[in-house]
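The values are calculated or read from the model by the stated rules, or taken from the named source; none is laboratory data. Since the structure is predicted, the reported quantities are computational estimates derived from the model, not experimental observations. All Cβ positions, glycine included, derive from the backbone under ideal geometry; neighbour counts span all protein chains shown.
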Amino acid sequence: MKINLSNLYSFIKRCKSLLIYTFSFILLSTSNVLAQKANELIITEIMADPTPTKGLPEKEYIELYNRSDKAISFNQLVLFYNASSVRFPDVSIQPNEYIIVTHRNNVTDFQSYGKVVGLNNFSLNNTGSTLIIKDAKNTTIFSVTYSDKWHTPNKAQGFALEMIDKDFPCREEGNWTSSEVALQGTPGKENSVKASQPDLTPPELVRYELENSSALKLIFSEKLDSLSTISVNAYTFDKSLKIESISIESPQNQYVHLGLATPLQANTHYTLTARNIADCSGNVLKETNLPIANVQPADSGDVVINEVLFNPRSGGEDFVEIYNRSNKFISLKDWVLTNIDANGAIGNSRPISNINYILQPKQFLALSRSAAIIKAQYFKAVSENILEMASIPTFPDESGTVILLNGNKKVFDRFDYSEDLHHVLIDNKSGVSLEKSDYNLPSSILSNWHSAAASEGYATPGYTNSQATLTNVKNAFTIDPEIFTPDSDGADDITQLKFTLDRHGYLANVYIFDINGRMLKQLAQNQLLSPKDQITWDGKNGNNDIVAVGYYIILVELFNTNGEKLEFKGKVVVGSKY
């Protein structure tokens, strides 16, 4: 057969062009890939409550960001929200690019702010919702359960929630806050609150809930790595109690369910050991123990009101602290916090918990609307001993009643408070709680209630009262250390004036004198002390200058409203390292 070379050359050219075209097509089709790893495509901003607006469209939106080094196709991605779902249109997002996501009717409103994707249906709750992005295999690409309590105080309505550190996107509470720009949101561009805020803390096993005698729900402090969490070696019990099943509650990845081979026995305390559990940022909880037991019904007097803050500081929240005096594990399911209404009847009832929240033996538990605000205003507050309630009864600032009801609506404790119970020399009572000095005494004994000490910030939410009674003590004053070097080297930079007192209500005046009798500083003025307290001196005088090396005299005057006075003197040496 004869071959026409000219036709052959033309054919080869056509094939070459076809090959080049085909190769180019393949590159183009693979340049936009689906998100393959969790947290490659993330939500970085949430505008759930856009009213009132300060210039942005008064419409709800979320903002997505591509953290990967490749373009990501939205094809087959689905957004889940409020028990609904909606498929994304077939668009793509480039590396380090932001996209605004809103309802399709709002697209034109946002086009001046950046790239916009409109969804066929889209609606956000103001709080308490989970947003999830999943792929075609139903694998979670990203999720966040947001809350309006993440907002900066007084910056919720009309403000967007913005992620602070995109390098740790799986961290939720603490990594989101209110937008700081005048428009109250930054759709389509870098967040105004951007900062380095790495997650370097391992997760904590906070508590457990009893689903039944053979099933537990473990509550961790943050999102977990699911693989390490469901390992068969991650949990063990003492007393030969065996675990039959382990599962993690997705997408929050914060709650672990344990199925037991045999039920928990009555009147038996177990210890659960959890080990080598990582959070989603890779921090590992090496080992921790948690007491576990079956719940028992509470008898009268087992759980008591122990502390009340009814007149909070500006921007603060009321709280009521209860205390489990017994050795029982008590469920607070269906318990109620209430007060007396205008007609003198029990009213304004607010449920404490609708789940089997377990109050452990000797546990303090502060009840409030906002754990974040309590922790922000009281630096020693114990996070795991604060339970958020959706709402609490109104507690007037001047006087009122706090009532604790159990699940059967039986009155377990009652405290009729008045601001007159505060120490008479406290001028500003805002933010000062009333505490029991002895939780074994009935709440009706008003002489057992005292203002919390200044050294604790005037409240002790979630831990032992500052005014807790000390037994068999004598009045004592010590200085520790007696020689200190205030040179900021981290060793003996301060000295502490320590008090052990036989009663409540002492106020302190503390003065620093040099060896010639000249007063250099009044360290404390009418400071309310607890029976076991301390005051710190950093070696500075009244002008905030470090004093010279040498001997100094400390004079302490204590007095109370009963006319009792105590006086202590001590000597301290301010040294220097050469």
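In the list Asp438, Asp502, Asp427, which residue meets the criterion of being in the same structural domain as Pro312 (by TED's automatic domain parsing), modelled with pLDDT under 90 and either touching a Leu at 6+ places or on another chain (Cβ under 8 Å) or farther than 13 Å from Ser530 by Cβ (or both)?
Asp427
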*Report whether or not Ile445 is in contact (Cβ under 8 Å) with a residue 24 or more places away in the chain, out of contact with any helix residue (DSSP H, G or I) (no Cβ under 7 Å at 6 or more places or on another chain) and of a type in the set (A, V, I, L, M, F, W, C).*
no
_Name the residue that is nearest to Lys429 (Cα to Cα), counting only residues in the range 304-340 that are of a type in the set (D, E, K, R) and in a loop (DSSP other than H, G, I, E, B)._
Arg313
*Only one of Ser466, Ser488, Ser455, Ser447 is outside any loop (DSSP other than H, G, I, E, B) and either under 32 Å from the mean Cα position of the chain (by Cα) or of a type outside the set (Gly, Ala, Ser) (or both); which?*
Ser455
_For a quick check of your reading of the model, give me the residue pairs whose first member lies in the range 98-118 and is free of Cβ contacts under 8 Å to residues at least 12 places away in the same chain, whose second is buried (at least 21 other Cβ atoms within 10 Å of the Cβ), with beta-carbon atoms closer than 7 Å and at least 6 apart or on different chains._
Val107/Val116
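If the requirement is being crowded, with 16+ Cβ neighbours inside 10 Å and within 19 Å of Ser451 (Cβ to Cβ), which of these qualifies: Leu523, Leu507?
Working: Leu523 fails: within 19 Å of Ser451 (Cβ to Cβ).
Testing whether each residue is crowded, with 16+ Cβ neighbours inside 10 Å and within 19 Å of Ser451 (Cβ to Cβ) leaves just Leu507.
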*Residue among Thr177, Thr229, Thr186, Thr152 that alone is surrounded by fewer than 15 Cβ atoms within 10 Å (Cβ to Cβ), touching a residue at least 12 places away in the same chain (Cβ under 8 Å), farther than 20 Å from Ser85 by Cβ and not hydrophobic (A, V, I, L, M, F, W, C)*: Thr152
*Could you please find all residues in the range 341-369 being surrounded by fewer than 21 Cβ atoms within 10 Å (Cβ to Cβ), in contact (Cβ under 8 Å) with a residue 60 or more places away in the chain and within 14 Å of the chain's Cα centre (by Cα)?*
none
*Is it the case that some residue within the range 544-552 is closer than 17 Å to Pro481 by Cβ, of a type in the set (Ser, Thr, Tyr), out of contact with any Phe, Trp or Tyr (no Cβ under 9 Å at 6 or more places or on another chain) and without any contact (Cβ under 8 Å) to a residue 60 or more places away in the chain?*
yes
_I'm told Thr262 meets every condition in (1) closer than 26 Å to Ala371 by Cβ; (2) surrounded by fewer than 19 Cβ atoms within 10 Å (Cβ to Cβ) except one. Can you identify the failing condition by its number?_
(1)
